[in-house]
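First the structure, in the form of structure tokens, and then the observations on it.
What follows is calculated from the coordinates using simple rules that are stated; it is not laboratory data. Note that the coordinates shown come from a computational prediction; the quantities given were computed from them, not determined experimentally. Using ideal geometry, Cβ is built from the backbone for each residue, glycine included, and neighbour counts are taken over all protein chains shown.
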Amino acid sequence: MDGGLPAVGSALTLEAVPNPFNPRVTFSFELAARSTARLQVFDLRGRLVAELGEEAREPGYHQVTWDGVDRLGRNLPSGVYLARISTAQGAASRKIALAR
């Protein structure tokens with residue numbers, strides 16, 4: 001009985017380097033199968049501050065770089081944010097710190 005849990009080694013993870021970052025951070029993730037991946041950044045109040053893309057991606061390792069700006073192109077203040085990736089494989093989040 002698997003209980004609906006993913007197989008060992010198949011869980012989606014989101015890495016962020018460097019963290020803390022200034023002026024940019026690179027997110028990396030690996031997909032086991034072709035999937036639409038949506039990467040977003042939220043403030044700690046849960047407000048969406050940046051959309052980093054939603055697109056179909058092939059299986060394998062992927063990277064997305066973010067320069068700490070909001071959806072209107074304005075520099076965000078120093079602080080802690082939450083990056084989240086959502087795919088058909090599941091979702092993963094990572095706290096990131098912007099140090100201006």
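Explain nothing, just the number: dipole magnitude of the chain about its Cα centre with +1 on each Lys and Arg Cβ and -1 on each Asp and Glu Cβ, in debye rounded to the nearest 20.
380
Expected output is a single nm value to one decimal: the length gained when fully extending between H62 and S78, i.e. 0.36 nm times separation in residues minus the C-alpha distance. What is it?
3.1 nm
Based on the alpha-carbon set only, what is the convex hull volume of the chain divided per residue, in Å³?
Value for the chain: 101 Å³ per residue.
Output ³J(HN,Hα) for the stretch 26-43: one whole-Hz value per residue in order, computed from phi by the Karplus curve 6.51 cos²θ - 1.76 cosθ + 1.60 with θ = phi - 60°, and x for Gly and Pro.
Here the 3J(HN,Hα) series is 10, 8, 9, 7, 10, 10, 7, 9, 4, 7, 7, 10, 10, 10, 9, 10, 10, 7 Hz.
Quick one: net charge around F42, please, counting Lys, Arg +1 and Asp, Glu -1 for every other residue with C-beta under 12 Å from its C-beta.
Charge balance in the 12 Å sphere: +3.
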